[in-house]
Amino acid sequence: MGTTDTRVRRRSAGAWFADTGWRHVVAIVVSIFALFPLLYVVSASLNPKGTLTGSNQLFSAIGIDSYVRILTDPQNPYVSWFGNTLLIASVTGAVTVFIGACAAYAFSRMRFAGRRVGLVTIVVVQMFPQLLAVVAIFLLMSTLGDWFPAIGLNTHTGLILVYLGGALGVNTYLMYGFFNTIPKELDEAARIDGAGHARIFFTIILRLVAPILAVVGLLSFIGTVNEYVIASVILIEPEQQTLVVGLTKLVANPRYADWSAFSAGAVMAAIPVMILFLFLQRYIVGGLTAGATKG
Amino acid sequence: MTETVEPTAPQTTRQRRAARIAEAASVPIGWILLKILLLAVVDAVAVYAVFVLFTHAEWLILAVVVAVTVLVNYIYFSRKRVPAKYLTPGIIFLVVFQVFTLLYTGYIGFTNYGTGHNGSKEQAVSSLLASAQERVEDSPTFPVTVVEQFGTYGLLVTDPDSGDALLGTADQPLQQVQAEFDGGKAVAVDGWTTLPLATVFTLSEELENLSVPFSDDPNDGSLRAPDGQSGYLYVSTLEYDADADAITDTQTGTVYADIGTGAFTADDGTELLPGWQVTVGFDNFVRAVTDSSIRGPLISVTIWTFVFAIISVASTFFLGLLLALVFNNTRMRFRNGYRIIMILPYAFPAFLSALVWAGMMNESFGFINQVIFGGADIPWLTDPTLAKVSILIVNLWLGFPYMFLVCMGALQGIPEDVNEAAVMDGANPWQIFRRIKLPLLLVTVAPLLISSFAFNFNNFNLIYMLTGGGPRFSDVSIPVGHTDILISMVYKVAFTGQTRDYGLASAFTILIFLVVATISIVSFRKTKALEELN
């Protein structure tokens, strides 16, 4: 650690430890805790041996066999899972942002009967996660599928529609707070110049609130990638399933699972999400605390 | 947040008209075309839906679709309903997939819906009679030709007495048809493809299961042709008497009557399954609180759910806060490096983390036992107590980065002059933290702690992927275990195991709903978050 520059050296080691040294001790201990499962999964993914036991010697063998295995295994259509997940999460994220932004615009800029009740309803309804109603969702989708096979069980469209049921909710509340920080004078000036509500929304407001749109989009994307219950109930055929359903099934019995193939799949699934996350993390933290702090 | 709306004086008629004209003039023609196009798509889909629902005779749903479509058209063509234009899409999804499913869950909780009870009474009767069929001895042999239409197999039968051709499928009872005959045997019929014998031989599995009802009355039995060439009459050993609403077993003479429980039941209590779906009132709730093989697990699962959620929030918050305090020192080097490392667990998709930890904690082959504890057999995930500890450790790993980020943000939001003023007044660092910084921090963080509690209360993925809820309770009638929380218990009762009990699962959901509602109302009262909505 870079603690040996001259300014520090001049002081006694005791004083240095009391000031910043102990902080490094805590930080290193926690860093090990944070990193070690991640190092383990990377190591396991590079291990050509398939079993759990074979993955225990960290970085003892390096190879990309398990990556090839997971990408070509006809039993576990990883590539389809990946594509399905990307498609479902992207569409859900994008449409959620749009629907949520529309609602936030109405709540923030317009005054109408039922506005307060509407806001409170949204906050309260989002307290009850959709997965609580999974039985009803399953029965609803199976009935819908009898009438309209395109949006019933085992379809991506059906799953996306179910996810969009949660589009108004915590996201709208987060965006609503952010919309309120954009000065109303901007709208009024545009209105005087002859712009209608639609033009103000699409050309002025949406550009100014872009950071929160990115945050909500990313949170919704990650939330959809992680969603297991509804996806596992609605998507039946392996080809149709998402990463979370497929990979969970892959290691359902760790004793016989191809552990390094799973790890390779996990690394490939996690890296894009992690890069995106680290890239946007400052906005995310800002967005999370903006929803909480008033002022 | 400042209230930026000033109450404006009501507009005069002229002003309103002027505003409308300005609004209309400001919309470019392209937007109007786009709007019309989008509405045309919506209406086309609605017309298609109405057509389909009409063929299924679903009048109520049809009426709802029509009403919603008319409303949507009105909203978007009207010049007035501006807020509705922005709220309608979200509200439609919210009502269908959130509010409706919630109410529907409530309804299912009062029924016996589940394995053995998932259809109507008529379906139950025909499936009972079909399942108990036996071949009628000395009955004539019917010459049969296997035909196919759009993937559905049918039997073209020649009546040995009259010589008439009859056609039927699994869903459609035998009906007389005009057919081509070859040597007294009907061999082809219009609209259906006659399958060649070579194909028929490959279909033995389908033909084993193909049972064509003789007539609309299930008591008449059905015709089966396992070899695809000769059919025999099968009649049920059960007989349905529609007037008495009872089924009689013709072999034993036992009478099974409909006593309102959703299944035909004999005097000694034996039920014929499948039964059908009926409303059972509060039966599921009564079972949940009185049946000891359900009540026991329900109580311990509820307690564990609270313990898990509370300790999860507390442990992640304290570790996060500690780290935020540790890093809140500008003289510390490599701060950003540490910071990135600590965010990594939060960035790694949560379901993968749980699966990876499950592998590492495996009793016989896992990294922790094999390498860190040198080959010990510590039952991290299979001992009831240790499994709970493991879950809390993994959840700490998953959750502390979030709390760390939030606390960092909140600490940096506290102005430095507060600190300086306290130092001037002679407060020591601990006093400053305890009396000044912590209360200020809690104001910011409290709502996040509540939502974190709510999140963990329903943290299905962690439980399901780490321990699967195991180890299982012994001597209970539902498939739950020591580490199951309420939400994973609902999932298991509804979707795993030999019997699926949607009714009981929904009753549990309603109980959870009541608990969560109470908690959120109380906590919102406390934080006054709802009052701050302007």
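Readers should treat all values here as calculations from the given coordinates under stated rules, not as data from a laboratory. Just so we're clear, the structure is a prediction, and the values are computed from it rather than from any experiment. FYI the Cβ positions are ideal-geometry reconstructions off the backbone, even for glycines, and counts take in every protein chain you see.
Note on segment B:272-402: Cα convex hull, mean projected area over all directions, 13.5 nm². Simple point charges give the picture: +1 on the Cβ of Lys and Arg, -1 on the Cβ of Asp and Glu, and for segment B:394-497 a dipole about the Cα centre of about 320 debye. Cα convex hull, chain A: 218 Å³ per residue, rounded to a whole number. Between the helical axis of B:350-360 and the longest alpha-carbon principal axis of chain B there is an angle of about 90 degrees.
Note on B:334-343: average number of Cβ atoms from other chains within 10 Å of each residue's Cβ is 5.
Ordering B:Trp304, B:Gly320, B:Met360 by the projection of their Cα atoms onto the charge dipole of segment B:277-362, which places +1 on the Cβ of Lys and Arg and -1 on the Cβ of Asp and Glu, puts B:Gly320 at the extreme positive end.
Take the protein assembly as shown, drop everything but the C-alpha atoms, weight them equally and run the Debye formula without solvent; then report log10 I(q)/I(0) at 0.06, 0.07, 0.10 Å⁻¹ to two decimals. For the protein assembly as shown at q = 0.06, 0.07, 0.10 Å⁻¹, log10 I(q)/I(0) is -0.53, -0.70, -1.24.
Each peptide among A:140-147, B:171-178 gets the average number of other Cβ atoms lying within 10 Å of its residues, and from highest to lowest they stand as A:140-147, B:171-178. In this structure, the pairs whose alpha-carbon distance is over 32 Å, taken from A:Lys184/B:Lys35; B:Lys85/B:Lys492; A:Lys49/B:Lys492, are B:Lys85/B:Lys492; A:Lys49/B:Lys492. Positive-end ranking of A:Gly246, A:Asn47, A:Ile122 along the dipole of chain A, with charges on Cβ about the Cα centre, is headed by A:Ile122. Each Cα pair under 8 Å and six or more residues apart adds its sequence gap; the mean of these over the residue count of chain B is a relative contact order of 14 percent. Global size of chain B: 34.0, 114 Å for Rg and Dmax (C-alpha atoms, Rg to one decimal, Dmax whole). Each peptide in B:190-197, A:87-94, B:30-37 gets a packing score, the mean of other Cβ atoms within 10 Å over its residues, and the list from highest to lowest is A:87-94, B:190-197, B:30-37. Apply the a/c threshold of 1.5 to the C-alpha gyration tensor of segment B:333-378 and tell me whether it is rounded, prolate or oblate. It comes out oblate by the Cα gyration axes.
When you restrict to C-alpha pairs under 8 Å that are six or more residues apart and normalise by the size of segment B:161-233, the relative contact order lands at 25 percent. Note on the protein assembly as shown: with charges restricted to the Cβ of Lys and Arg (+1) and Asp and Glu (-1), its dipole about the Cα centre is near 6980 debye.
Rg and Dmax, both from the Cα atoms of segment B:355-505 and both in Å, are 21.7, 71. Please give the Cα centre distance for segment B:394-427 versus segment A:108-145, rounded to the nearest Å. When both Cα centres are located, 35 Å separates them. With a 10 Å cut-off around each Cβ of A:238-246, the average count of Cβ atoms from other chains is 1.
For the residues of A:33-42, the average number of beta carbons from a partner chain within 10 Å of their own beta carbon is 6. Ellipticity at 222 nm from helices only: DSSP H runs of n ≥ 4 in chain B, each -39500 (n - 2.57), divided by the residue count, give -17000 deg cm²/dmol. Placing +1 on each Lys and Arg Cβ and -1 on each Asp and Glu Cβ, with no other charges, gives chain B a dipole about its Cα centre of roughly 5080 debye. What are the residues whose amide H is under 5 Å from the amide H of B:Gly154, where those residues sit 5 or more places off or on another chain and H is modelled from the backbone? When sequence neighbours closer than 5 places are left aside, the close amide H contacts are B:Val147, B:Glu148, B:Gln149.
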